[in-house]
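Shown next, in structure tokens, is the structure this report addresses.
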């Protein structure tokens with residue numbers, strides 16, 4: 001069989017996907033460059049929030065670039081090993097992208113809640129940050145379940161690479177992802193939405209819109225996986241996960257455009273005074 005098996009009656013699919021990758025790869029590269037400090041001194045003095053934004057962009061770029069290599073270069077149906085690499089790659093970079101995004105959201109929650117009547121709280125003395133850490137650990141547990149419940153096999157009829165996740169990995173992924181996003185967004189938005197500053201209220205509104213968009217994208221991705229009972233052809237799985245990762249990265253890029261260095265700490269700080 002061919003190293004890459006595509007539907008015989010859908011010849012248009014391969015050039016469309018190739019074009020999409022050709023557009024998305026340079027787009028993610030631009031996002032990463034625009035969030036990367038141009039001098040060593042500025043790079044060394046990056047805040048945690050800005051560093052996490054940059055890591056999210058780089059992670060997404062690597063995922064999309066490597067997916068293109070697997071699909072259009074090596075071929076996921078080349079061998080059982082190539083098929084296994086596809087799902088391992090997908091889980092690794094999908095999960096790590098979520099890790100960077102959750103850490104970014106956790107830092108924003110900490111920036112909002114770090115000042116109390118008693119003074120400034122460190123991260124792990126803050127009840128909000130500790131609660132956020134619990135959700136973060138839950139996601140790490142889901143990543144382990146995803147790795148255990150992965151599916152990678154060559155279809156007997158045509159040798160197509162079939163990858164995905166078993167149901168016991170898909171359901172926790174959906175539930176925890178939604179719970180983490182809702183909690184972290186709510187913890188960030190509620191206090192700044194009450195601010196008298198227009199800039200802070202606008203930030204709260206934009207964060208809510210971004211959270212809804214991210215949830216819808218992730219939910220659609222997982223629904224597609226569930227409908228196909230965890231068994232997807234490699235190009236469907238890599239493309240759907242790629243869309244999820246790229247959309248989330250684009251959202252992070254857009255909501256951090258208010259500050260020329262790629263952070264929103266200036267807006268958040270206005271809430272605290």
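Details
- Test: residue in segment 93-103 that is in contact with a helix residue (DSSP H, G or I) (Cβ under 8 Å, 6 or more places away or on another chain) and closer than 20 Å to residue 162 by Cβ: yes
- Qualifying position, being crowded, with 22+ Cβ neighbours inside 10 Å and either more than 20 Å from residue 180 (Cβ to Cβ) or over 14 Å from the mean Cα position of the chain (by Cα) (or both), among 132, 122, 79, 126: 132
- The listed residue being closer than 22 Å to residue 226 by Cα, surrounded by 17 or more Cβ atoms within 10 Å (Cβ to Cβ) and free of Cβ contacts under 8 Å to residues at least 60 places away in the same chain, out of 145, 99: 145
- Members of segment 77-88 that are in contact (Cβ under 8 Å) with a residue 60 or more places away in the chain and assigned to a helix (DSSP H, G or I): 80, 82, 83, 84, 86, 87, 88
- Number of the exception - residue 52 against (1) in a helix (DSSP H, G or I); (2) buried (at least 16 other Cβ atoms within 10 Å of the Cβ); (3) in contact (Cβ under 8 Å) with a residue 60 or more places away in the chain: (3)
We did not get these values from a lab; they are worked out from the coordinates using the rules stated. As the structure is a computational prediction, the values presented were derived from the model and not from experiment. So basically every Cβ, Gly included, is an ideal-geometry build from the backbone, and we count neighbours across all protein chains shown.
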